[in-house]
2 protein chains.
Amino acid sequence: MHIVQPGSEFDVLRENNKIAHENYRDMKAHGIRSVDFMGSIGAGKTALIIEIAKRLRAKGVRVCAIAGDVTGVDDYRRFEESGLDAFNCNTGHECHLDANLVRKSLSEIDLDAYDAVLVENVGNLVCPADFPLGTDYRVVVVSTTEGDDMVRKHHDIFLHSDIAILNKMDIADAVGVDPEVILGDYRKLTGGLKEMYTCSVRTGDGIDKIIEALGF
Amino acid sequence: MHIVQPGSEFDVLRENNKIAHENYRDMKAHGIRSVDFMGSIGAGKTALIIEIAKRLRAKGVRVCAIAGDVTGVDDYRRFEESGLDAFNCNTGHECHLDANLVRKSLSEIDLDAYDAVLVENVGNLVCPADFPLGTDYRVVVVSTTEGDDMVRKHHDIFLHSDIAILNKMDIADAVGVDPEVILGDYRKLTGGLKEMYTCSVRTGDGIDKIIEALGF
């Protein structure tokens, strides 16, 4: 929900950015690399983070996740069941994480015990765009099941993120979506300056390239 | 994006509800039945509205659609190409339609020329919950591809809507989701007082029952 009163939006975003910088500095001081995974419901953020974390652990990277949701512990439990240390972060009503919520989560985490923090934002392709959390990378995850018009409809989040990921490539045909349309729109929007990576969490295709793009 | 300043949220929501009542009264004065379709990206709202409108037209119901999106004309064009009179309603940046945006759209529509107005809200399962538009029915559409935890994660929108629709039943198996979990969560949340209808826009299964539930 987007509530704008004269003057208030700017203040809220400025305050968020200030706290985001603190988060960034704190994580850097502990040698932590961090990623904010944004994207709609069903894009596959949870499964992608689980798969990335699994491969990072195999490389010896000590990783934990912050599970952002409006309510509930579903993603948190999925993380824990996969063997990934997780911290639950409910917004209560809000449609996105903000830097202050992440700050509270970070205060619960022993930052010396980890090399990487993977943050799963609330399932929403609109609102998280405006709220940097202080991570090294902001990633937007979309899936082929969302249709081929995602980039055309949601400029902001693609422009505000560092890289994009197109997931569920294995069922693109089954849902009648041509990935080339999405990739083409992304190239057009970003002028070819940023890359959209394709993957399928289910088959494992493309995951290693994403890990590399995130600097691990 | 959800910006809350002390006092402002209540004022904004109260103002929205006031305008929603005006929308409702205006549409009623012209004998119009209206429905607000909310749901995440990729839930299939556009295709569902096209299919419902097609069947309504076959029954002699004069129907038009309001295509709500952050930006672009994709859904508007899909409506028009399907033979459905449509009106584009871009929010610019906002993550949901509000009563005032719909009021502006209604002012462009010859209300005497239609019996039904179908509104497609912005693809978002969080924010639209708080903003009634003044329609007879508020419907939330989810799809099996979104996972089985939708109801558990998004209480608000399921509680604030009149009925729910579970779409893409035809690929539930392929995406490994058990619809009974979602239906069970919905029954639990609503105490069995409201119904979640299952359908597949692609096969056409379940659409007539939904049309009936909407009072057409």
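Taken together, the values in this text are just the output of simple stated rules run on the coordinates, not laboratory data. On a predicted model such as this, the values are computed, not experimentally measured, just so you know. Because the Cβ atoms are built from the backbone with ideal geometry, glycine has one as well, and the counts that use them run over all protein chains shown.
What does the charge add up to near B:Ile211, with Lys and Arg as +1, Asp and Glu as -1, over the other residues with Cβ less than 10 Å from its Cβ? Local charge sum for B:Ile211: 0. Using the Cβ-Cβ distance between A:Ser82 and A:Ala174 with R0 = 30 Å, the FRET efficiency computed as 1/(1 + (r/R0)^6) comes to roughly 0.70. Only the Cβ atoms of Lys and Arg (+1) and of Asp and Glu (-1) were treated as charged; on that basis the dipole of segment B:8-213 about its Cα centre amounts to roughly 420 debye. Inter-copy label distances at A:Arg103, shortest first and taken from points set 7 Å along Cα to Cβ: 3.7 nm.
Here is how the number arises for chain B: DSSP H runs of 4 or more residues each give -39500 (n - 2.57), the sum is divided by the residue count, and the result at 222 nm is -11500 deg cm²/dmol. Comparing Cα centroids, segment B:32-53 and segment B:88-137 end up 12 angstrom apart.
What are the nm distances, shortest first, from B:Ile211 to its equivalents in the other copies, labels at 7 Å along Cα→Cβ? For B:Ile211, the inter-copy label distances come out at 5.2 nm. Restricting attention to the protein assembly as shown, close to 5% of DSSP beta bridges with both partner residues there are antiparallel.
Restricting the calculation to Cα atoms, every distinct pair contributes to the Kirkwood radius of the protein assembly as shown, found to be 22.1 Å. Pairs with C-alpha atoms separated by more than 32 Å, drawn from the list A:Lys188/B:Lys59; A:Lys28/A:Lys209; B:Lys104/B:Lys188; A:Lys59/A:Lys168; A:Lys104/B:Lys104, are A:Lys188/B:Lys59; B:Lys104/B:Lys188; A:Lys104/B:Lys104.
Counts of other chain beta carbons within 10 angstrom of each beta carbon in peptide B:71-83 average 2. Spread over its residues, the convex hull of the C-alpha atoms of segment B:8-213 is 118 Å³ per residue. For the pair A:Ala29 and A:Asp205, label points projected 7 Å from Cα toward Cβ lie 4.5 nm apart. With its label point defined 7 Å out from Cα along the Cα-to-Cβ axis, B:Arg14 lies at 2.8 nm from the matching points of the other copies, in increasing order. Taking B:Ile50, B:Ile66, B:Ile41 in turn, the Gaussian network model of chain B (Cα-Cα springs below 10 Å) assigns the largest fluctuation to B:Ile41. Partner shielding of A:38-51 amounts to 4, given as the average count of beta-carbon atoms from other chains within 10 Å of each residue beta-carbon.
Amide H to amide H, with H built 1.01 Å from N, A:Ile66 comes under 5 Å of A:Phe87, A:Leu118, A:Val119, A:Glu120, counting only residues 5 or more places away or on other chains. Positive contributions from Lys and Arg (+1) and negative ones from Asp and Glu (-1), summed over other residues with Cβ under 9 Å from the Cβ of A:Ser200, come out at 0.
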